[in-house]
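Report on the structure given below.
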Amino acid sequence: MPGVIRESIIMCPECGHEKKEIMPTDSCQFFYECESCHKVFRPKPGDCCVFCSYGTVKCPPVQQGSGCCG
């Protein structure tokens with residue numbers, strides 16, 4: 001996917017821990033477990049994935065203008 005940024009820093013809404021992750025290009029990541037506090041979180045209402053809610057970069061489908069991952 002040319003022009004798509006795949007790296008995003010995701011921040012835990014519970015403890016504030018940040019981690020750089022590589023986003024999948026072929027699916028949404030609906031759950032994410034913080035490696036620091038082990039809280040499992042989901043996207044905010046209206047967002048399609050945890051990267052759209054808690055990441056520094058929106059997911060690849062949203063970046064390309066095709067909307068949500070599903």
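Laboratory data are not the source of any read-out in this text; all were calculated from the coordinates shown. A quick note: this is a predicted structure, and the numbers were derived from the prediction, not measured. Virtual Cβ from ideal backbone geometry, glycine too; neighbours counted across all protein chains shown.
Between the listed residues Val62, Cys12, Cys49, the Cα displaced farthest toward the positive end of the dipole of the chain, a dipole computed from Cβ unit charges relative to the Cα centre, is found at Val62. Each Lys and Arg adds +1 at its Cβ and each Asp and Glu adds -1 at its Cβ; summed about the Cα centre, the chain shows a dipole of about 120 debye. Over the residues of the chain, the helix contribution to mean residue ellipticity at 222 nm works out to -2000 deg cm²/dmol, using -39500 (n - 2.57) for each DSSP H run of at least 4.
Excluding the sites themselves, what is the longest stretch of the chain that contains no GluC sites (Glu not before Pro) in a DSSP loop with at most 15 other C-beta atoms within 10 Å? The segment 36-70 is the longest one with no such site. Put in line by how crowded their Cβ is, counting other Cβ atoms within 10 Å and starting with the fewest, Asp47, Asp26 read Asp26, Asp47.
Computed over the Cα atoms of the chain, the ratio of the radius of gyration to the Kirkwood radius (Rg/Rh) comes to 0.95.
The longest stretch of the chain left intact once loop-based trypsin sites (Lys or Arg not before Pro) with at most 15 other Cβ atoms within 10 Å are removed from consideration, loops following DSSP, is 7-38.
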